[in-house]
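S.K.: Please see the structure below; I have some questions.
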Amino acid sequence: MLSNQLSSPPHYGLPRQVTFCKKCVIPNTRPTASNEYTHHHARGHDYISFDADGVCSACRFCEAKFDGTIDWLKRENELISLLDRHRSRDGLYDCLVPGSGGKDSIYASHILKEKYGMHPLTVTWAPHLYTDIGWKNFQNWIHIGGFDNYLFTPNGEVHRLLTRNAFLNLLHPFQPFILGQKTFAIKMAARFGIPLVFYGPSPGENGGNTPITQNKYIFTDAQQASYKSAGFRLDYIDDTANYDQIYLGGKKVADYLKEGVLEGSLSPYLPLDPRITREKNIEFHFLGYYLKWVPQECYYYSAEHAGFEANPMRSEGTYSKYSSLDDKIDGFFYYTTYIKFGYGRATQDAAQEIRHRHITREEGVALVNRFDGEFPQKYFKEFLEYIDVSEEKFWQTVDEFRDDSLWKKERDSWVLRHKVAL
Ligand SMILES: [Zn+2]
């Protein structure tokens, strides 16, 4: 059953020297956002870039949002002319907003509808295991926010198998969700013939490779070629349906098929032929390019307009209450990131809030030291049952993925070699 384990120890191309951004708290071991779904794979890793002053690209990206570099009025006018070209007169769907019913997707869909007179179709790839608050927020998005929505729930048996493999092979239990979610929006846009898809913030906002001047995903042949040469067969647009080269959960699609998993059951996770998006002229825009994206303001907006509720309790591993709430497996995504890359959920939250000037770096460092790496105990039992792994096997797998450059053992416990400091 475990024959699909990686044979060599993983290092994911981690940087040789760990450093932390001088302005926020993010380390240079953060994978670029564009590789979030493929990362944790052994080859071809990309990490956030730092400039000569030791400041990360995400901080520079956010500075530009506030320091006058960007003419927001001009950008909004660009949005209005884009929407004017697409707005339907008869109320038929004219754009598509994928999302979970969290603060970002509520904000995007609602402002497009109410302020700009669009008719968004919303589409949702279900979490592995809905939390109560996640289900309630999702329902409120539709019923209070007022949207049509397609909720897709993948075959539970297949999704569990992929999640289990992704945990054991990549220590990335969220990979099947991320892949499915990415491809789902595009497939639905193609199916409904909706030429305009809106994502929330640009990937550059969190350290991706997208510059502040880029308003949409651009799927060039050169980009395709670079993905391929880096060994990423998992990108959600790939015109080679070669099942010997596409991996799900670290295992070849061809091998799943040999073991009797049906191609149809895997199809929700497989890439879409980019020729389809080209033929239908579907464009994928970042709303955050056109409108100044401030996560905390999205939260207030979605609470006011669509009944969005934060958790009464902070999420384990961090201090925040309003992001990534809907899946019981969320906590394990952040925890496994902490094991592999040496930073956890509190680091991501604090970095984002420092960049948006809600907290100081000093406060961020204190929050990281207090909460980062806290184990997601609350849903541990359910998670183990879901992936059908014993507690012993869980810890054994976690330890296999600790890289020596990040971790050392002191007495009987693992400690990080590098911690963020003032
Ligand atoms: Zn930074």
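S.K.: Pull up all non-local amide H partners of Gly146: gap of 5 or more, or a different chain, and H-to-H distance under 5 Å with H placed in the peptide plane.
M.R.: For Gly146, whose amide H was placed from the backbone, there are no distant partners under 5 Å.
S.K.: Once you've got the Cα coordinates, tell me which of Lys182/Lys408; Lys103/Lys216; Lys103/Lys251; Lys65/Lys408; Lys103/Lys328; Lys65/Lys115 are over 28 Å apart.
M.R.: Pairs exceeding the cut-off: Lys182/Lys408; Lys103/Lys251; Lys65/Lys408.
S.K.: State whether the range 250-347 is rounded, prolate or oblate according to the following rule on the C-alpha gyration tensor (a ≥ b ≥ c being the square roots of its eigenvalues): a/c under 1.5 gives rounded; otherwise a/b larger than b/c gives prolate, and the remaining case gives oblate. Walk me through the numbers on the way to the answer.
M.R.: Details: a/c = 2.32, a/b = 1.34, b/c = 1.73.
Because a/c hits 1.5 or more and a/b fails to exceed b/c, the range 250-347 counts as oblate.
S.K.: I've got another one for you. I want to verify a result. In a Gaussian network model of the chain, Cα cutoff 10 Å, which of these has the top mean-square fluctuation: Thr213, Thr19, Thr29?
M.R.: Thr213
S.K.: Could you go through the range 358-369 in sequence order and give the Karplus-derived ³J(HN,Hα) for each residue, using 6.51 cos²θ - 1.76 cosθ + 1.60 with θ = phi - 60°, rounded to whole Hz, and x for Gly and Pro?
M.R.: 8, 9, 8, 5, 4, 5, x, 4, 5, 5, 4, 4
S.K.: Looking at the chain only, what percent of DSSP beta bridges run antiparallel? Nearest 5 please.
M.R.: Percentage antiparallel, nearest 5: 40.
S.K.: Which of Asn77, Asn311, Asn206 moves the most in a Gaussian network model of the chain with Cα springs under 10 Å?
M.R.: Asn77
S.K.: In whole percent, what relative contact order does the range 72-290 give with Cα contacts below 8 Å and a gap of six or more residues?
M.R.: Values: 316 pairs, mean separation 53.4, N = 219.
Relative contact order for the range 72-290 comes out at 24 percent.
S.K.: Return a whole-number percent for the relative contact order of the chain, with Cα pairs under 8 Å and 6 or more residues apart as the contact set.
M.R.: 21 percent
S.K.: For Lys103, Lys115, what ranking results if the residue with the fewest other Cβ atoms within 10 Å of its Cβ goes first?
M.R.: Working: Lys103 26, Lys115 11.
Final ranking by Cβ density, sparse to dense: Lys115, Lys103.
S.K.: Percent antiparallel among DSSP beta bridges with both residues in the range 72-290, to the nearest 5?
M.R.: Counting only bridges with both partners in the range 72-290, antiparallel ones make up about 15 percent.
S.K.: For the peptides 67-75, 195-203, what is the packing order when you average, over each peptide's residues, the other Cβ atoms within 10 Å and list the highest mean first?
M.R.: 195-203, 67-75
S.K.: Sticking with this one: How large is the helix-only mean residue ellipticity at 222 nm for the chain, computed as the sum of -39500 (n - 2.57) over DSSP H runs with n ≥ 4, divided by its residue count, in deg cm²/dmol to the nearest 500?
M.R.: So the calculated ellipticity at 222 nm is -12500 deg cm²/dmol.
S.K.: Ordered by packing density, taken as the mean number of other Cβ atoms within 10 Å over each peptide's residues, highest first, how do 404-415, 344-355, 293-304 rank?
M.R.: By packing density, highest mean first, the sequence is 344-355, 293-304, 404-415.
S.K.: Okay, next question. Would you pull out the residues with amide H under 5 Å of Leu196's amide H, same chain only if 5 or more places away, H placed 1.01 Å from N?
M.R.: HN-HN under 5 Å from Leu196: Leu96, Glu283.
None of the figures in this text is laboratory data; all of them are computed from the coordinates on show. These numbers were taken from a predicted model, which means no experiment stands behind them. In this analysis, Cβ positions are derived from the backbone assuming ideal geometry, glycine residues included, and neighbour counts consider all displayed protein chains.
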